[in-house]
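Undergrad: Okay, here's the structure, questions in a sec.
The values are calculated or read from the model by the stated rules, or taken from the named source; none is laboratory data. Keep in mind that this is a model prediction, so the values were computed, not measured. For neighbour counting, all protein chains shown are included, and Cβ atoms are generated from backbone atoms with ideal geometry for every residue, glycine included. Surface areas here come from the heavy atoms of the whole protein model, side chains and all, with no ligands, DNA or RNA. Shrake-Rupley method; radii C 1.70, N 1.55, O 1.52, S 1.80 Å.
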Amino acid sequence: MAAQELQETARAIVAEGKGILAADESDSTIKKRFDSIDVESTEEDRRAYRDLLFTTEGVEEYISGVILFDETIRQKSADGTPFPELLASKGIIPGIKVDKGAKPLALAEDETITEGLDGLRERLAEYRELGARFAKWRAVISIGKSIPSEYCIWTNAHALARYAALSEEAGLVPIVEPEVLMDGDHTIERSFQVTSHTLHAVFTELRDQRIHPEGILLKPNMVLPGYEGSEQVSDEEIAHQTVQCFLRHVPAMVPGIVFLSGGQSEVEATENLNAINRVGGPWPLSFSYGRALQASALQAWGGEPDNVDAGQDAFLHRARMNALAVAGDWSAEVEQAVPA
Ligand code: 13P
């Protein structure tokens, strides 16, 4: 019964070409985003900004789930409705970030391990009580001259599986996020190799720790050349490499793959997702974007109550573009077209 509920929730998240809004920026990350628009990061401004996103009319046509941060899941909309209740009333499934961030990995240079396992069983029970139906944990793998190490890949995979097991036990769909960062000047082949190695470790640990693959969603990076490199690669090639990599490692039983945007521009993230869906695979291939759904909305809002409508228009547009990309129906022309 519990396994069936997990599978139903996971399938609902990737149903009908919909995807996830990642609005789970930690205090330090949201401060960075607010710094970029010269807005002080106060609790009220963080609440008002998330309220803008969640009350966007019609966004539920394209967004099936929202990942919240610990502070946000306890906050309320302007009319006093708790955020998880507001989202659920629109048919959007509330989720929660449960890791406590990537910390320096002991006895390793320039590598991190994600923390947050202590007390996790109790926190998951409370989040479920607060309305969450899925939980996210992000592991970070960096590419450099002599990294990632085997040590970093396997310790992160082990922690991801420990969280995923606790999450399934608590009746929350684990959104398993092993992010291979695209910072650096590496080639797309190197990105393929490191992503492949990471996925191998993650699915080995998930299996060893008894996770039901049909009750999870995978949130990975796309296979891209490093952002600081000079290699020019077409969206078709990115799509081909990405799908090949996941076909090798991800069981067909996994209900969906929801990509992170990872520092791509808004349009790049949409264009690549569209190309990936034109190649296709045995799973729905959707999005769980943070920056690539919010960058224009944040700019349009700029912390001004008078700009809430402009911020919501920008967010709705990106959500719609990415939903079209999930169907493989996005184009540069629809990107430009002004909605009727
Ligand atoms: P980006 O899409 O901005 O990479 O964020 C997604 C996310 O949730 C990272 O953990």
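Undergrad: Among Leu206, Met321, Ala102, which residue has its Cα furthest toward the positive end of the charge dipole of the chain, with +1 on Lys/Arg Cβ and -1 on Asp/Glu Cβ?
TA: Value: Leu206.
Undergrad: Can I ask one more? Can you pull the percent of the chain's accessible area that's carbon plus sulfur, 1.4 Å probe, other chains left in place?
TA: So the carbon and sulfur contribution to the accessible surface is 49 percent.
Undergrad: Return a whole-number percent for the relative contact order of the range 240-340, with Cα pairs under 8 Å and 6 or more residues apart as the contact set.
TA: 30
Undergrad: Next question, about the same structure. Nearest 500 deg cm²/dmol is fine: what mean residue ellipticity at 222 nm does the chain get from its DSSP H runs of n ≥ 4 alone, each adding -39,500 (n - 2.57), divided by its residue count?
TA: Roughly -14500 deg cm²/dmol at 222 nm, from the helical runs in the chain.
Undergrad: Modelling each spin label as a point 7 Å along the Cα-to-Cβ direction, I'd like the His200/Ser146 distance in nm, to one decimal.
TA: 2.1
Undergrad: Can I ask one more? For the range 183-241, state which chymotrypsin sites (Phe, Trp or Tyr not before Pro) are in a DSSP loop and have at most 14 other beta carbons lying within 10 Å of their beta carbon. Before the final figure, lay out the partial values.
TA: Details: sites: Phe192, Phe203, Tyr227; in loops: Tyr227.
Sites meeting the loop and neighbour criteria: Tyr227.
Undergrad: Residues with beta-carbon under 10 Å from that of Thr55, excluding Thr55: net charge, scoring Lys, Arg +1 and Asp, Glu -1?
TA: Numbers: positive: Arg50, Lys90; negative: Asp51, Glu57, Asp79.
Charge balance near Thr55 sits at -1.
Undergrad: Another one. Nearest-5 percent of antiparallel DSSP beta bridges in the range 78-193?
TA: For the range 78-193, the DSSP antiparallel bridge percentage is about 20.
Undergrad: Quick one: of Lys76/Lys97; Lys103/Lys136; Lys32/Lys219; Lys31/Lys90, which pairs are farther than 21 Å apart, Cα to Cα? Numbers along the way, then the final one.
TA: Working: Lys76/Lys97 18 Å; Lys103/Lys136 17 Å; Lys32/Lys219 23 Å; Lys31/Lys90 28 Å.
In this structure, Lys32/Lys219; Lys31/Lys90 lie more than 21 Å apart at Cα.
Undergrad: Can I get the semi-axes of the chain's equivalent ellipsoid? Compute them from the C-alpha gyration tensor as square roots of 5 times the eigenvalues, in angstrom, largest first.
TA: Calculated on Cα positions only, the semi-axes equal 28, 24, 20 Å.
Undergrad: How far apart, in nm, are the 7 Å Cα→Cβ label points at Asp183 and Arg207?
TA: Result: 3.3 nm between the two label points.
Undergrad: Here is a further query. Determine the per residue accessible area of the chain with all protein chains present and a 1.4 angstrom probe, expressed in square angstrom.
TA: Spelled out: the 1.4 Å probe surface of the chain, per residue, equals 43 Å².
Undergrad: Nearest 0.05, what FRET efficiency do Asp38 and Ser230 give at R0 = 45 Å with Cβ-Cβ as r?
TA: 0.85
Undergrad: Pairs of alpha-carbon atoms within less than 8 angstrom and 6+ residues apart define the contacts here; what relative contact order does the chain have, in percent?
TA: Numbers: 664 pairs, mean separation 60.9, N = 340.
In percent, rounded to a whole number, it is 18.
Undergrad: Using Cα-Cα distances under 8 Å and only pairs 6 or more residues apart, what relative contact order does the range 1-77 have, in percent? Let's see the in-between values first.
TA: Details: 53 pairs, mean separation 36.3, N = 77.
Value for the range 1-77: 47 percent.
Undergrad: Which FRET efficiency value, to the nearest 0.05, do you get for Gln193 and His317 by plugging their Cβ-Cβ distance into 1/(1 + (r/R0)^6) with R0 = 41 Å?
TA: It comes to 0.70.
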